[in-house]
Ligand code: HEM
């Protein structure tokens, strides 16, 4: 066994600056010359960057117990508590078992209407902004974020939250996100008890968000007490009533709060960013847009409503979404901490070090993709998928920690896309580059010229 090849970095800082300034180009450059593995550093923190589907499969699935959620998720847990995304071991396993049924496909079918209603409201709002027989330049990222925020809010809480509360919660979440992002790339950060401005901001935003969610849980619990048979077809209901099969135990208020906050945060920015990139790429590829429209019209007619059954027939629509998330995976990196010394292929890795899989780099590794920089939905035709190792494409991660919301997200993106391409044409304005914060955002936001289509 040999040591992992170390990439030369700055004294003390290691690769902190490169990872902060332009991580995507930095990682792609390393992948070009050091496939399958290279060692990076942020200060003393050692990160094994793995670049192949085989190693990703080993870490996320085959030996997943030795690769747990570490530093990055500890930072996130300052914001999310011990929810599904950030917890480990038996606690995570129990929570996953409790939450999983809420995301079964037949349960999700209850949310199709919510997704469709919110997509139609988005269309109506957009229509108001576009003058007749002309177009309007629209800040697309913002609209996508507002829509996915409404969808996740209604899916989680039903009607148990009002607009003001949504606005307040999302403002605080923006602050938390920004502060967490800063912490990721800083080699040293102050402990939370230290009376810094950062810590003060962080704590007051966290407290407000937690207070609001607690309030919603309380209101629901008392509604259920008054009327125990009432069916609220939302995720909160599933989580509140979920029972451990063996022990009969249910989630405490604190666990509920952490899970709901996790789903709330994990469940809207990722999808919004995915949708922005979808419209960006469609504006650059009118031939794909044409084919997409043809399929939607063939399956649903001009105004037909999506359902869980007919969404399955929108094969090309799904290929487009998959290809968008190949080039611009909203979760652009997944990291783990090594529990005990191990070997990754022929290389020795040690306890306490990190492993990083960059989906952005993996999805552009020429080993698995012909013309990796080209947008081509045919990459997801049944034949091509069969020929590729499964772990070459990981927009939702893999193994037992696979995204619990993957079907939710794909359904939501299909429904939003149907309504958008039916009603509008999208004109490309200028090139946008990706900015890897917690999610992979279009830098500076995405603007497109939007035209009304005559149905
Ligand atoms: C396009 C949209 C989405 C993308 C790209 C995405 C991506 C991911 C990825 C990569 C992971 C695994 C992280 C890791 O292994 O370290 C993950 C986990 C998770 N995601 Fe998503 N996600 C999306 C949408 C959603 C939605 C809509 C929800 C909820 C409604 C959600 C909830 C979660 C949760 C709770 C976890 C943690 C699962 C566990 O470890 O048990 N995600 N997501």
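Bear in mind these aren't lab numbers, they're just calculated from the coordinates by the rules spelled out. All of these numbers come straight from a predicted model, not from anything done at the bench. So basically every Cβ, Gly included, is an ideal-geometry build from the backbone, and we count neighbours across all protein chains shown.
Here are some notes:
- Antiparallel bridge percentage (DSSP; both residues within the chain; nearest 5): 80
- With 10 Å bins from 0: P(r) over segment 389-443, alpha-carbon pairs, percent: 18, 30, 41, 11, 0
- In the chain, helical runs assigned H by DSSP with n ≥ 4 each contribute -39500 (n - 2.57); averaged across all residues and rounded to the nearest 500, the mean residue ellipticity at 222 nm is -16000 deg cm²/dmol.
- According to the Kirkwood relation over distinct C-alpha pairs, the hydrodynamic radius of segment 231-371 is 19.5 Å.
- Listed peptides 31-37, 324-330 by packing density, highest first (mean Cβ within 10 Å): 324-330, 31-37
- Label zone at residue 193 (point 7 Å along Cα-to-Cβ), backbone N below 19 Å, segment 74-118: 75, 78-79
- Inter-site label distance for residue 351 and residue 406 at 7 Å from Cα along Cβ, in nm: 3.2
- Extended-chain gain in nm, criterion 0.36 nm per residue less alpha-carbon gap, residue 293 and residue 386: 30.9 nm
- Under conditions of 37 °C and 0.692 mPa s, the chain yields 141 µm² s⁻¹ as its translational diffusion coefficient, taking Rh as the Kirkwood radius over Cα pairs in the Stokes-Einstein equation.
- Ordering of 90-103, 49-62 by packing is 49-62, 90-103, highest average first (other Cβ atoms within 10 Å, averaged per residue).
- Within segment 1-153, percent of DSSP bridges classed antiparallel, to nearest 5: 90
- Shape call, segment 1-142: gyration tensor on alpha carbons, a/c limit 1.5: oblate
- Rounded if a/c under 1.5, otherwise prolate or oblate - segment 64-143, Cα gyration tensor axes: oblate
- Highest-first packing order for the peptide set 70-81, 381-392, 406-417 is 406-417, 70-81, 381-392, based on the mean count of other beta carbon atoms within 10 Å.
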